[in-house]
1. Looking at region 50-66 only, could you name the residues that are at pLDDT below 90 and under 14 Å from residue 79 (Cβ atoms)?
2. Suppose we filter region 37-47 for residues that are closer than 19 Å to residue 78 by Cβ and surrounded by 10 or more Cβ atoms within 10 Å (Cβ to Cβ); how many remain?
3. I'm trying to understand the selection: among the residues of region 21-55, which are part of a helix (DSSP H, G or I), touching a helix residue (DSSP H, G or I) at 6+ places or on another chain (Cβ under 7 Å) and in contact (Cβ under 8 Å) with a residue 24 or more places away in the chain?
4. If you scan region 81-95, which residues turn out to be surrounded by fewer than 13 Cβ atoms within 10 Å (Cβ to Cβ), without any contact (Cβ under 8 Å) to a residue 24 or more places away in the chain and farther than 14 Å from residue 52 by Cβ?
5. Name every residue in region 57-68 that is assigned to a helix (DSSP H, G or I) and farther than 18 Å from residue 81 by Cβ, in order of residue number.
6. Within region 1-29, can you find the residues that are surrounded by 15 or more Cβ atoms within 10 Å (Cβ to Cβ) and at pLDDT 90 or above?
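The values are calculated or read from the model by the stated rules, or taken from the named source; none is laboratory data. Here the structure is a predicted model, which is why all the values come from computation and not from measurement. Please note: Cβ atoms are built from the backbone with ideal geometry, for glycine as well, and neighbour counts cover all protein chains shown.
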């Protein structure tokens, strides 16, 4: 028996049980069905990763301490979870250090 679409998506999002993961490890047909979804998810993440992120100006203001405490706390929490924004901030600090 092959996995249903919903089960494949659950596995893609790491929300499936171990029995579904075992099935994917053993069933090449289901693993092949999952591959286009993995590719699409990667493309969407690359294209939309900044949707919920602070913009560059906000990161700049955060770095210089210009944000109100509440917003600064939100940005700080976001930076702890978002490798993209954390990398952007590191790049900003490195750029400013070269000036």
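1. 50, 52
2. So the count comes out to 1.
3. 30, 33, 34, 37, 38, 41 - these are the residues of region 21-55 that are part of a helix (DSSP H, G or I), touching a helix residue (DSSP H, G or I) at 6+ places or on another chain (Cβ under 7 Å) and in contact (Cβ under 8 Å) with a residue 24 or more places away in the chain.
4. 87, 90, 91, 94, 95
5. Of everything in region 57-68, those that are assigned to a helix (DSSP H, G or I) and farther than 18 Å from residue 81 by Cβ turn out to be 57, 60, 61, 64.
6. Hit for region 1-29 is 27, nothing else.
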